[in-house]
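The structure under discussion appears below in the form of structure tokens.
Nothing in this text is a laboratory measurement; each read-out follows from the coordinates by a stated rule. Remember, it's a predicted structure, so these values are computed and weren't measured experimentally. Glycine also receives a Cβ, built like all others from the backbone with ideal geometry; neighbour counts cover every protein chain displayed.
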Amino acid sequence: MDLKSKIILISGPTASGKSNFAIKLAKKINGEIINADSMQIYKELKILSARPDPKNYQKIKHHLYGFHSVKKNFSTGDWLKFAIKKIKEVKKKDKIPIFVGGTGLYFKALSEGLVSIPNIPIRFRNEIRLEHEKLGQKKFYQKLLKLDIISKNKINPTDAQRTIRAYEVKKFTKKSLHDWFKNTKSLFKEDDFFKIYIDFPREELIERISKRIKLMMKLGAIKEVKRFIKLKIKKDKSVNKAIGVSEIKAYLNNEKDLEETIEKISIKTRQYAKRQSTWARGNMINWLKLQPLKINKFLKNI
């Protein structure tokens with residue numbers, strides 16, 4: 001298997017061991033790792049975002065981790081500019097760029113191009129999210145189909161994230177999300193990429209998530225949130241949605257005890273992992289699905 005001319009993409013649900021696999025692969029093929037996780041870009045969220053251990057940076061060069069302030073906006077478009085620049089830098093050194101992370105939109109932007117949809121006001125988006133919450137996914141999906149019939153064969157009826165996005169785009173721009181996509185192209189060819197999805201069995205993943213949350217608490221997640229609160233980040237910033245921030249805030253306000261807080265973070269993380277898996281089923285159809293037990297065999301055969 002010749003990967004020397006490829007750009008490697010490694011995805012998978014949270015806590016699936018993507019980072020460790022990426023390091024093993026990078027050692028084997030002379031690669032450098034580039035972050036594709038929207039929360040791991042932030043300097044101030046090292047523990048809650050499960051950013052890789054700095055010790056690993058000494059073994060393999062890592063890029064785009066912990067370099068941006070939570071006080072500043074950072075879009076998928078911003079990430080894409082940095083990502084393209086890093087690909088060029090890594091390839092110039094005759095090394096292989098290996099992207100690893102759980103943010104599906106980052107991978108989509110890199111491999112398919114970025115849709116130039118006009119910015120939708122946050123107030124407008126929040127109203128639609130509240131409407132989705134009231135109606136539930138099933139009814140809201142039907143509402144989307146009345147507004148945008150093109151979505152019928154494009155979006156999975158259980159995919160809440162894409163349903164909401166398609167609805168807000170059509171409602172605001174009067175143009176279907178899928179029509180916006182038609183005019184989008186990547187700088188790269190499909191053949192430039194080698195795509196791997198770590199497909200972890202659900203029960204094992206739940207256990208790994210539980211262990212990770214407990215480790216985060218030991219490493220100082222509560223202190224991290226205390227420092228985050230002092231920064232007085234505006235409520236409309238997406239970083240406020242980082243799992244663990246609101247839950248630990250509730251604990252610090254004596255609204256929940258520590259056990260309840262850990263359980264709440266675990267539940268939210270499991271839900272997030274499920275959303276990632278759902279998104280992958282609809283968007284990562286042609287990716288190599290790699291079960292954990294087959295990882296070592298894959299590495300040996302390279």
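Laid out as a table, the results:
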{"item": "Space enclosed by the convex hull of the alpha-carbon atoms of the chain, per residue, Å³", "result": "140 Å³"}
{"item": "Pairs beyond 32 Å (Cα-Cα), from 81/234; 46/294; 88/214; 138/241", "result": "88/214"}
{"item": "DSSP-loop trypsin sites (Lys or Arg not before Pro) across segment 201-302, with at most 13 other Cβ within 10 angstrom", "result": "232, 234, 235"}
{"item": "GluC sites (Glu not before Pro) within segment 209-278: DSSP coil, no more than 16 neighbouring Cβ in 10 Å", "result": "255"}
{"item": "Interchain or long-range residues, amide H under 5 Å from residue 44's placed H", "result": "70"}
{"item": "Between segment 93-122 and segment 137-170, the alpha-carbon center distance in angstrom", "result": "22 Å"}
{"item": "Integer Hz, Karplus 6.51/-1.76/1.60 couplings in order for segment 186-200, x for Gly and Pro", "result": "8, 6, 10, 8, 4, 6, 6, 9, 10, 10, 10, 10, 6, 9, 8"}
{"item": "Relative contact order of the chain, pairs being alpha-carbon contacts under 8 Å that are 6 or more residues apart, as %", "result": "28 percent"}
{"item": "Interchain or long-range residues, amide H under 5 Å from residue 193's placed H", "result": "7"}
{"item": "Rel. contact order, % - alpha carbon contacts under 8 angstrom, at least six apart, segment 122-182", "result": "30 percent"}
{"item": "Low-density loop positions, GluC sites (Glu not before Pro), segment 89-149 - DSSP coil, at most 16 other Cβ in 10 Å", "result": "none"}
{"item": "Local net charge near residue 191, Cβ-Cβ under 15 Å (Lys/Arg +1, Asp/Glu -1)", "result": "+1"}
{"item": "Whole-Hz ³J(HN,Hα) from phi, Karplus 6.51 cos²θ - 1.76 cosθ + 1.60, for segment 4-13, glycine and proline x", "result": "4, 9, 9, 9, 8, 10, 10, 10, x, x"}
{"item": "Selected from 135, 31, 163, residue furthest toward positive end of dipole (the chain; charges at beta carbon)", "result": "31"}
{"item": "Stokes-Einstein diffusion coefficient of segment 122-182, Kirkwood radius over Cα pairs, 4 °C, 1.567 mPa s, in µm²/s", "result": "114 µm²/s"}
{"item": "Using θ = phi - 60° and Karplus 6.51 cos²θ - 1.76 cosθ + 1.60, couplings along segment 92-107 (whole Hz; Gly, Pro as x)", "result": "4, 8, 6, 10, 9, x, 10, 8, 9, x, x, 8, x, 5, 5, 5"}
